[in-house]
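One structure is given below, encoded as structure tokens.
Read the figures in this text as sums done on the coordinates, not as results from a lab. Given the structure is predicted, the values throughout are model-derived calculations rather than measurements. Neighbour counts run over all protein chains shown; Cβ positions are idealised from the backbone, glycine included.
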Ligand code: NAP
């Protein structure tokens, strides 16, 4: 048999299907919360301005929330809202007993300091887990909420049967949203973690030398084709977090691609996530999971 015929194409991790399965699990949980405790999880998504990507992300989150039977509020604010006005809106939702989770869609317009807005969210309602209290808890291995994208990546790995204990993980990207928290999650001395994690960024020398060592490569760079086939190890697990808009269909729909050169890398990897249909749907479902956790905290049904 010729060498090419022996070549295996990677198994694709279908994030849409996986998120659908989790949604069914969560529906049961929401039903039981309502029936046993009279609690309906409440989520507010705050959208500032009308950036098309943000509009579409928020729409997806609202669809998931409604589908699960949450009490959900979509709060649209104009792009020229002041930081003070936005902070006072958040304080209103901090006090609202029907709202358990507050999500402010990022990025925010230039006149607003994002950190000040994130710090205004009550840590118990911070379902994006970006508040320093939640980031700090994650760092010391005491997390209650995990940031949604890293949480989704972790679930994808676990549910795909990937062994994390002792694995060589390389994370490409060091953002507070993805790179740093996924590294923190996987490095913990805990079950379903305990990996050896290397973080890479634009200051990394010889990037490919690091990525080629990875049993699991997590790519969150925000640039198409940052990872090509020559940069990955045969049989490795590739998680592509990137969402890059590279054009529009004649129907006006955005054409998306990830950070990994999917077509060539899938011929070498063992497992790979596609874009779209990979990490994205899992991110949204983890937000829903965090809202349910928040509802339980709020009702004193869960110890922390
Ligand atoms: P970010 O804040 O822009 O961070 C990008 C990181 O990648 C930075 O640390 C940067 O290094 C590093 N980087 C960029 N190009 C590189 C290169 N050529 N070599 C080495 N390192 C490089 O982005 P982010 O918020 O983490 O998001 C990353 C991507 O994931 C974006 O496409 C975003 O849209 C997507 N995303 C998707 C989801 C989802 O649910 N699917 C959720 C969140 C984000 P420096 O620090 O040195 O600049």
**OP:** With a 10 Å radius around each residue's Cβ, average the other Cβ atoms per peptide and rank 44-52, 238-246, 82-90, highest first.
**Re:** 238-246, 44-52, 82-90
**OP:** Assuming R0 = 22 Å, can you tell me the calculated FRET efficiency for the pair residue 9 and residue 160, based on Cβ-Cβ distance, to the nearest 0.05?
**Re:** 0.90
Original post:
Taking the Cα-to-Cβ direction at residue 74 and at residue 27 and moving 7 Å from each Cα, how far apart do the two end points lie in nm?
Top reply: 2.2 nm
Subject >> Computed [θ] at 222 nm, deg cm²/dmol, the chain (DSSP H ≥ 4; -39,500 (n - 2.57); rounded to nearest 500) >> reply: -11500 deg cm²/dmol
Original post:
Based on the Cβ-Cβ distance from residue 209 to residue 245, what FRET efficiency comes out when R0 is 35 Å, to the nearest 0.05?
Top reply: 0.70
Original post:
What angle, in degrees between 0 and 90 and rounded to the nearest 10, separates the Cα long axis of helix 279-298 from the longest principal axis of the Cα atoms of the chain?
Top reply: 40 degrees
Subject >> Share antiparallel - DSSP beta bridges, the chain, percent rounded to 5 >> reply: 10 percent
**OP:** Could you work out how far apart the two model spin labels at residue 82 and residue 254 are, taking each label as a point 7 Å from the Cα in the direction of the beta carbon, and quote it in nm?
**Re:** 3.1 nm
Original post:
Taking square-rooted eigenvalues a ≥ b ≥ c of the alpha carbon gyration tensor, is the stretch 208-304 rounded, prolate or oblate, where a/c under 1.5 means rounded and, failing that, a/b exceeding b/c means prolate?
Top reply: oblate
Original post:
Counting alpha carbon pairs within less than 8 Å and at least 6 residues apart, what relative contact order, in whole percent, applies to the chain?
Top reply: 21 percent
Original post:
Given Cα pairs under 8 Å that are at least 6 residues apart, what percent is the relative contact order of the stretch 63-216?
Top reply: 16 percent
**OP:** Using only Cα atoms, tell me the angle between helix 15-32 and the longest principal axis of the chain; keep it within 0 to 90° and round to the nearest 10.
**Re:** 30 degrees
Original post:
So what's the gap between the Cα centers of the stretch 274-296 and the stretch 41-92, to the nearest angstrom?
Top reply: 16 Å
Original post:
Among 284-294, 182-192, how do they line up from the highest to the lowest mean number of other beta-carbon atoms within 10 Å?
Top reply: 284-294, 182-192
Original post:
Sorting 267, 35 on the 10 Å Cβ count, fewest up front, what's the list?
Top reply: 35, 267
Original post:
In which sequence would 40, 13, 102, 22 go, from the one with the fewest C-beta neighbours within 10 Å to the one with the most?
Top reply: 40, 22, 13, 102
Original post:
How high is the relative contact order of the stretch 148-280, in percent, with contacts defined as C-alpha pairs under 8 Å that are six or more residues apart?
Top reply: 21 percent
Original post:
Using 1/(1 + (r/R0)^6) with R0 = 22 angstrom and r between the beta carbons of residue 198 and residue 175, what's the FRET efficiency to the nearest 0.05?
Top reply: 0.85
Original post:
Which angle from 0 to 90°, rounded to the nearest 10, does the C-alpha axis of helix 148-159 make with the longest principal axis of the chain?
Top reply: 50 degrees
**OP:** Can you tell me which of 164-175, 203-214 comes out highest on packing, and rank the rest after it, using the mean Cβ neighbours within 10 Å?
**Re:** 164-175, 203-214
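Using a ≥ b ≥ c from the Cα gyration tensor of the chain (square roots of the eigenvalues), is it rounded, prolate or oblate, where a/c under 1.5 gives rounded and otherwise the larger of a/b and b/c decides, a/b for prolate?
The shape class here is prolate.
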Original post:
Is the stretch 37-123 rounded, prolate or oblate when judged by the Cα gyration tensor, a ≥ b ≥ c being the square roots of its eigenvalues, rounded requiring a/c under 1.5 and prolate requiring a/b larger than b/c?
Top reply: oblate
